[in-house]
Ligand code: F6P
């Protein structure tokens, strides 16, 4: 059997670990051969197919990014997208696909699978917001990077007795903000799921200063004030309709300074959270997802994705496009309110 592998959406640490384990087990245990499709669904549309064998995956386990390239291409936004993908698979003798992506890439995979494409999904994203799995790989690495940044910001904030706002990624979900904020001892954590009251944020900041402590405010890029809107970088949208965020951290620092009279600055962590080597946990999870994905191909269990449930890897149906977002629920967020202020 010939299996194609593609990585779509925003890159994240651990993608190469999946590619490696899919290829290693597929070749060694099942005698499959493999090809890569470059840049996610774009390569499938354009017929950009590259060789992929055991030699080409050697040494990639600890490397960030993806050796296959990635893009936010939505095959349903291109003329004849599904048919062009079928043509690519037929032209290269590809019998099945392993699709590694977040909710958008996997949503498209789910739709293509319903139209008859033989594929298995593997969930990835630093945001940890794919429904059906307890964790996605990439998340642990991002939380580690953000936590280290918060630790560092504490000492400089204390030295100058100023408020420091840390903007982390998370468009629709605040998993990175919540985990890194808790691990880093933040005084305020703001997530997209809970529109915030700027007066309350300033009250928490003030109370921290009263204890002679410099406050750290962690905010997800998609967080919104109760009376306001998401802060956009520009008005452009990707092929899945997502706007570009970033700016809420800057807005918060200005508001905090204006309303409290205290000095406030912002650090935007941005792509630092996505780059570089995966953590040990992400290598472990990505490797297991890859092993189980190739088993699903072997079993002909198409239209499924690998998922982590507790410590078990299971197979679940691929998510429907746009219904796959896993968000922070109120009760979890409320657990940590004791640390605010
Ligand atoms: O989906 C992962 C993510 O890193 C989000 O947290 C962030 O909003 C988005 O990707 C940024 O995407 P892009 O790579 O298109 O700038």
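The values are calculated or read from the model by the stated rules, or taken from the named source; none is laboratory data. The structure displayed is predicted, hence computed values, not measured ones. A quick note on method: Cβ atoms are made from the backbone with ideal geometry, for glycine too, and the neighbour counts reach across all protein chains shown.
Go through the range 285-310 and count every residue that is more than 21 Å from residue 119 (Cβ to Cβ) and assigned to a loop (DSSP other than H, G, I, E, B). I'd like the intermediate steps shown before the answer.
Here is the first cut: in the range 285-310, the ones more than 21 Å from residue 119 (Cβ to Cβ) are 309-310.
Pick out the ones that are also assigned to a loop (DSSP other than H, G, I, E, B) and you get 310.
Within the range 285-310, residues that are more than 21 Å from residue 119 (Cβ to Cβ) and assigned to a loop (DSSP other than H, G, I, E, B) number 1.
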### the range 158-172, subset within 9 Å of the ligand (Cβ to nearest atom) and at pLDDT 95 or above, residue surrounded by the fewest Cβ atoms within 10 Å (Cβ to Cβ)
169
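Can you tell me which residues in the range 1-20 are more than 21 Å from residue 142 (Cβ to Cβ) and surrounded by 22 or more Cβ atoms within 10 Å (Cβ to Cβ)?
3, 4, 5, 6
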### Query
Name the residues in the range 49-99 that are touching a strand residue (DSSP E or B) at 6+ places or on another chain (Cβ under 7 Å), within 29 Å of residue 138 (Cα to Cα) and part of a loop (DSSP other than H, G, I, E, B), would you?
53, 66, 68, 70, 94, 95
### Task
Could you tell me which numbered condition residue 223 fails, if it satisfies all but one of (1) assigned to a loop (DSSP other than H, G, I, E, B); (2) within 16 Å of the ligand (Cβ to nearest atom); (3) in contact with a helix residue (DSSP H, G or I) (Cβ under 7 Å, 6 or more places away or on another chain); (4) closer than 17 Å to residue 152 by Cβ?
(4)
### Task
Find all pairs meeting these conditions: Cβ atoms under 9 angstrom apart; at least six residues apart or on different chains; first residue within the range 166-189 and outside the structural domain of residue 266 (by TED's automatic domain parsing) and touching a residue at least 40 places away in the same chain (Cβ under 8 Å); second residue within 11 Å of the ligand (Cβ to nearest atom) and not in a helix (DSSP H, G or I).
none
### Task
Kindly indicate whether any position in the range 222-242 is in contact (Cβ under 8 Å) with a residue 40 or more places away in the chain and touching a strand residue (DSSP E or B) at 6+ places or on another chain (Cβ under 7 Å).
yes
### Task
Would you check if there is a residue in the range 20-30 being away from the ligand (no atom under 16 Å from the Cβ), closer than 23 Å to residue 125 by Cα, touching a strand residue (DSSP E or B) at 6+ places or on another chain (Cβ under 8 Å) and in a helix (DSSP H, G or I)?
yes
### Query
Is it true that some residue in the range 41-60 is within 16 Å of the ligand (Cβ to nearest atom) and not assigned by TED's automatic domain parsing to the domain that holds residue 271?
yes
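Filter the range 111-128 for residues that are out of contact with any strand residue (DSSP E or B) (no Cβ under 6 Å at 6 or more places or on another chain) and more than 15 Å from residue 297 (Cα to Cα) and give the result.
Going through the range 111-128, the residues out of contact with any strand residue (DSSP E or B) (no Cβ under 6 Å at 6 or more places or on another chain) turn out to be 111-112, 114-117, 125-128.
Selection gives 111, 112, 114, 115, 125, 126, 127, 128.
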### Message
Restricting to the range 311-337, and then to whatever is assigned to a helix (DSSP H, G or I) and modelled with pLDDT of 95 or more, can you tell me which residue is farthest from residue 195 (Cα to Cα)?
### Response
335
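Can you name the residue in the range 76-87 that is in contact (Cβ under 8 Å) with a residue 24 or more places away in the chain and farther than 20 Å from residue 293 by Cβ and, of all such residues, is farthest from the chain's Cα centre (by Cα)? Walk me through how you get there before you give the answer.
Pass one, the range 76-87, residues in contact (Cβ under 8 Å) with a residue 24 or more places away in the chain: 76-78, 81-82, 84-87.
When the remaining residues are screened for being farther than 20 Å from residue 293 by Cβ, the result is 76-78, 81-82, 84, 86-87.
Details: 76: 22, 77: 22, 78: 24, 81: 25, 82: 25, 84: 28, 86: 28, 87: 30 Å.
Looking at residues that are in contact (Cβ under 8 Å) with a residue 24 or more places away in the chain and farther than 20 Å from residue 293 by Cβ, I get 87.
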### Summary
Going through the range 194-220 in order, the residues found to be crowded, with 22+ Cβ neighbours inside 10 Å and part of a loop (DSSP other than H, G, I, E, B) are 214, 215
